[in-house]
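Visitor: Below you will find the structure I want to go over with you.
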Amino acid sequence: MIPFLTDTAEVISETLKKAHEVGVDFVIFGGMTLKQGLQKNYFMSLLKEKYPKLVDEYAQIYGGNPWGNATKEYYDQINLVFNQAVKEYRLPKRVPPSLFTDVLCENDLVVVMLEHLDYFLRLEGKRSSFGYAAYEISKLKKPLSTMKNELKQIKGIGEKTEEIILEILETKNSSYYNSLSA
């Protein structure tokens, strides 16, 4: 989403309505980043030329994050708008598990599903440790199924995350995931 141009509730809703009408399988949503260097310089020069009144607003939300991220407040705002609209049109908010569960090894399946959970919660303006747990699991050299009694020793994995991981390992699914993705 391009801030202040394509991120309005009306544009997001209309875009998702059209996506629903043509039968898309899923939508991946994210706010624009402006990393320092050529990308930001080029974009800002176009912005000054085409929409000079927006330059100050961009300076406020892209104040100096080295990775080019806008402020958390901005992302939280557009995520809530998107989340409401995507529910209205009943579109999956990520690649549906049916497209990847039989392709990924067990660790990668858990990583992807935990990353999706983290994303779903962020869309609702909530925080989670699922992304951190996914990152820690991605570094493991052995299958999670051989570590069932050691899961809580992995950084970022508490009782709830352990429960979700065990369910994914057993069923290639998660009831919590399903409740958030709907």
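Visitor: Given the condition aliphatic (A, V, I, L, M) and touching a residue at least 60 places away in the same chain (Cβ under 8 Å), answer yes or no: does some residue in the stretch 54-74 qualify?
Guide: Yes: one or more hits.
Visitor: If you go through the stretch 103-132, how many residues are over 17 Å from LYS172 (Cα atoms), among the acidic types (Asp, Glu) and outside any loop (DSSP other than H, G, I, E, B)?
Guide: 1
Visitor: Condition test on ASN69, is it in a loop (DSSP other than H, G, I, E, B), within 25 Å of LEU5 (Cβ to Cβ) and not assigned by TED's automatic domain parsing to the domain that holds SER174?
Guide: In short, yes.
Visitor: State all residues of the stretch 100-117 that are at pLDDT below 95 and in contact with a helix residue (DSSP H, G or I) (Cβ under 7 Å, 6 or more places away or on another chain); if no residue qualifies, say none.
Guide: Those that are at pLDDT below 95 and in contact with a helix residue (DSSP H, G or I) (Cβ under 7 Å, 6 or more places away or on another chain): PHE100, THR101.
Visitor: Next up: Give the number of residues within the stretch 72-94 that are buried (at least 16 other Cβ atoms within 10 Å of the Cβ) and not in a helix (DSSP H, G or I).
Guide: Counting residues in the stretch 72-94 that are buried (at least 16 other Cβ atoms within 10 Å of the Cβ) and not in a helix (DSSP H, G or I) gives 5.
Visitor: Does the stretch 22-41 include one or more residues that are loosely packed, with under 11 Cβ neighbours inside 10 Å, under 17 Å from the mean Cα position of the chain (by Cα) and at pLDDT 90 or above?
Guide: Yes, the conditions are met somewhere in the stretch 22-41.
Visitor: For the stretch 157-179, which positions are surrounded by fewer than 16 Cβ atoms within 10 Å (Cβ to Cβ) and either of a type in the set (Gly, Ala, Ser) or under 25 Å from ASN83 (Cβ atoms) (or both)?
Guide: Result: GLY158, LYS160, GLU163, ASN173, SER175, ASN178, SER179.
Visitor: Across the stretch 122-155, which residue is nearest to ALA85 (Cα to Cα) among those that are crowded, with 16+ Cβ neighbours inside 10 Å and in contact (Cβ under 8 Å) with a residue 24 or more places away in the chain?
Guide: Ranking the candidates gives LEU123 first.
Visitor: Another question, if that's okay. Would it be correct to say that LYS172 is at positive phi and in contact with a Leu (Cβ under 7 Å, 6 or more places away or on another chain)?
Guide: Working: at positive phi: yes; in contact with a Leu (Cβ under 7 Å, 6 or more places away or on another chain): yes.
Against the criterion (at positive phi and in contact with a Leu (Cβ under 7 Å, 6 or more places away or on another chain)), LYS172 qualifies.
Visitor: Ok, one more. Name the single residue that is modelled with the lowest pLDDT among those in the stretch 138-182 being small (Gly, Ala, Ser) and assigned to a helix (DSSP H, G or I).
Guide: Quick first cut of the stretch 138-182, residues small (Gly, Ala, Ser) only: 138, 145, 156, 158, 174-175, 179, 181-182.
Adding the requirement that they be assigned to a helix (DSSP H, G or I) leaves 138, 145, 175, 179, 181.
Details: SER138: 97, SER145: 95, SER175: 96, SER179: 93, SER181: 86.
It comes out as SER181.
Visitor: Assess whether TYR135 counts as being within 16 Å of ILE28 (Cβ to Cβ) and either assigned to a loop (DSSP other than H, G, I, E, B) or not hydrophobic (A, V, I, L, M, F, W, C) (or both).
Guide: Values: within 16 Å of ILE28 (Cβ to Cβ): no; either assigned to a loop (DSSP other than H, G, I, E, B) or not hydrophobic (A, V, I, L, M, F, W, C) (or both): yes.
When the stated conditions are applied, TYR135 does not pass them.
Visitor: Give the residue, chosen from LEU16, LEU46, that is surrounded by fewer than 16 Cβ atoms within 10 Å (Cβ to Cβ) and at pLDDT 95 or above.
Guide: LEU46
The values are calculated or read from the model by the stated rules, or taken from the named source; none is laboratory data. Because the structure is predicted, anything quoted here is derived from the model rather than measured. Neighbour counts run over all protein chains shown; Cβ positions are idealised from the backbone, glycine included.
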